[in-house]
Amino acid sequence: MSSNAEFEKAAEEAKSLPDKTSNDDKLILYGLYKQATVGDCNTSKPGMFDPKGKAKWEAWNKQKGKEQSTAQEEYIMKVAELQEKYT
């Protein structure tokens with residue numbers, strides 16, 4: 001089980017991932033982060049005129065039902081994976 005300190009450290013490290021990090025990977029991180037910090041998606045889906053907002057909403061909604069502690073652990077692992085992949 002991860003600690004909040006490990007999660008916060010991973011969140012800081014995610015900010016320094018290179019620009020070449022794919023949008024798909026960024027969306028996975030976004031969804032896991034929101035699930036870990038807020039829980040299940042609690043906002044309405046953005047409309048077709050907000051494609052970026054819609055993509056972020058969908059990434060978060062894919063994590064629905066996942067325990068916040070599990071999302072934290074997966075987030076930490078994903079950040080580590082992306083650091084190896086892109087740095």
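The values are calculated or read from the model by the stated rules, or taken from the named source; none is laboratory data. Worth saying up front: this structure is predicted, and the values here are computed from it rather than measured. Cβ: placed from backbone, ideal geometry, glycine included. Neighbour counts: every protein chain shown. For accessibility, only protein heavy atoms count, side chains too; no ligands or nucleic acids. Shrake-Rupley method; radii C 1.70, N 1.55, O 1.52, S 1.80 Å.
Could you please let me know if Phe49 is of a type in the set (Phe, Trp, Tyr) and surrounded by fewer than 18 Cβ atoms within 10 Å (Cβ to Cβ)?
Taking the combined requirement at face value, the residue satisfies it.
Can you go through Ala5, Ala11 and tell me which one is touching a Phe, Trp or Tyr at 6+ places or on another chain (Cβ under 9 Å) and either of a type in the set (Val, Ile, Thr) or open to solvent by less than 90 Å² (accessible area, probe 1.4 Å) (or both)?
On inspection, the qualifying residue turns out to be Ala11.
I'm told Asn42 meets every condition in (1) more than 17 Å from Tyr75 (Cα to Cα); (2) open to solvent by less than 50 Å² (accessible area, probe 1.4 Å); (3) of a type outside the set (D, E, K, R) except one. Can you identify the failing condition by its number?
For Asn42, the failing item is (2).
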